[in-house]
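Engineer: Below is one structure. I have some questions about it.
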């Protein structure tokens, strides 16, 4: 999979892709929004044989899916399951199914011109962040908060994990710190986040590793610092979640922008 440029915005990733991409069924520890930038439909579904063509798709966290870029240019966004934006997107557009082809009329009304210019021009990453946030706001405009509140222990667990230098903590220790049994924590975490605790922690370690790569750290050192056993382990996990190798996030191909962290609702 060829990546022109990727951006890391406080835990969620935006990736501009402009090559013939075909990915067999895989799953992300995040919501995935795929958006055509050149008007060419791409295909997404539970398998390549059952994929549906369209200009904008949304996939829930931990939902297996296949993707065919059909030689077009797409923007892929991966938003963590605890984020306010991710939860609003899911509540708005995934009410009946785990993945949806969103209406073409919705795509036609999105503010894409400035985003295209920012992605293709010399605009700073902060400008891209503003345009992506404007796009996400348009997709969730008028949406109330999800009716199902996140369990207080899950909110606390997310805060604890977010405060760690790297997302390395056992389920037993985390359960003890939030005041639940391990089995109860694992149950409510998956129920509220849509993903088991272990792959969620792996996703956060991937984000840590990507951030280190952006700072010039080698793949091996970034892998070890993020809690992986070695560079090969980091490579396998990252490919599992975003179908990309660590090299896709090195050098000028990754920009990092920091801002206000998103917390569970």
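Engineer: Filter the range 160-169 down to the residues that are closer than 18 Å to residue 237 by Cβ and in a loop (DSSP other than H, G, I, E, B) and list them by number.
Structural biologist: Answer for the range 160-169, where residues must be closer than 18 Å to residue 237 by Cβ and in a loop (DSSP other than H, G, I, E, B): 164, 166, 167, 168, 169.
Engineer: Residue under question is residue 227, and the condition is that it be over 21 Å from residue 33 (Cα atoms) and modelled with pLDDT under 85; does it hold?
Structural biologist: no
Engineer: Same structure again: Criterion first (touching a residue at least 60 places away in the same chain (Cβ under 8 Å) and more than 23 Å from residue 205 (Cα to Cα)) does residue 102 satisfy it?
Structural biologist: no
Engineer: In the range 82-145, which helices (runs of 4 or more DSSP H) lie fully inside it and hold 3 or more residues that are assigned by TED's automatic domain parsing to the domain that holds residue 189 and at positive phi?
Structural biologist: none
Engineer: Could I ask something else about it? On the given criteria, is residue 234 outside any helix (DSSP H, G or I), within 30 Å of residue 99 (Cβ to Cβ) and more than 16 Å from the chain's Cα centre (by Cα)? Can you show your working first?
Structural biologist: Working: outside any helix (DSSP H, G or I): no; within 30 Å of residue 99 (Cβ to Cβ): yes; more than 16 Å from the chain's Cα centre (by Cα): yes.
Criteria not met by residue 234.
Engineer: Got a number for residues in the range 179-206 being part of a helix (DSSP H, G or I) and within 19 Å of residue 168 (Cα to Cα)?
Structural biologist: 17
Engineer: Ok, one more. Would you point out which residue out of 216, 209, 227 is part of a loop (DSSP other than H, G, I, E, B) and surrounded by 16 or more Cβ atoms within 10 Å (Cβ to Cβ)?
Structural biologist: Going through 216, 209, 227 in turn, just one is part of a loop (DSSP other than H, G, I, E, B) and surrounded by 16 or more Cβ atoms within 10 Å (Cβ to Cβ): 227.
Engineer: Something else about it: Determine, yes or no, whether residue 150 is under 26 Å from residue 223 (Cα atoms) and either out of contact with any helix residue (DSSP H, G or I) (no Cβ under 6 Å at 6 or more places or on another chain) or at pLDDT below 90 (or both).
Structural biologist: It is false that residue 150 is under 26 Å from residue 223 (Cα atoms) and either out of contact with any helix residue (DSSP H, G or I) (no Cβ under 6 Å at 6 or more places or on another chain) or at pLDDT below 90 (or both).
Engineer: Hey, can you tell me all the residues within the range 29-65 that are in a strand (DSSP E or B) and within 21 Å of residue 196 (Cα to Cα)?
Structural biologist: 31, 32, 33, 58, 59, 65
Engineer: Before we move on, is residue 54 in contact (Cβ under 8 Å) with a residue 40 or more places away in the chain and either touching a helix residue (DSSP H, G or I) at 6+ places or on another chain (Cβ under 6 Å) or over 17 Å from residue 242 (Cα atoms) (or both)?
Structural biologist: yes
Engineer: Just to be sure before I move on: is residue 250 over 30 Å from residue 152 (Cβ atoms) and at pLDDT 90 or above in the structure I sent?
Structural biologist: No, not satisfied.
The values are calculated or read from the model by the stated rules, or taken from the named source; none is laboratory data. For clarity, every value in this text was computed on a predicted model and none was experimentally measured. Virtual Cβ from ideal backbone geometry, glycine too; neighbours counted across all protein chains shown.
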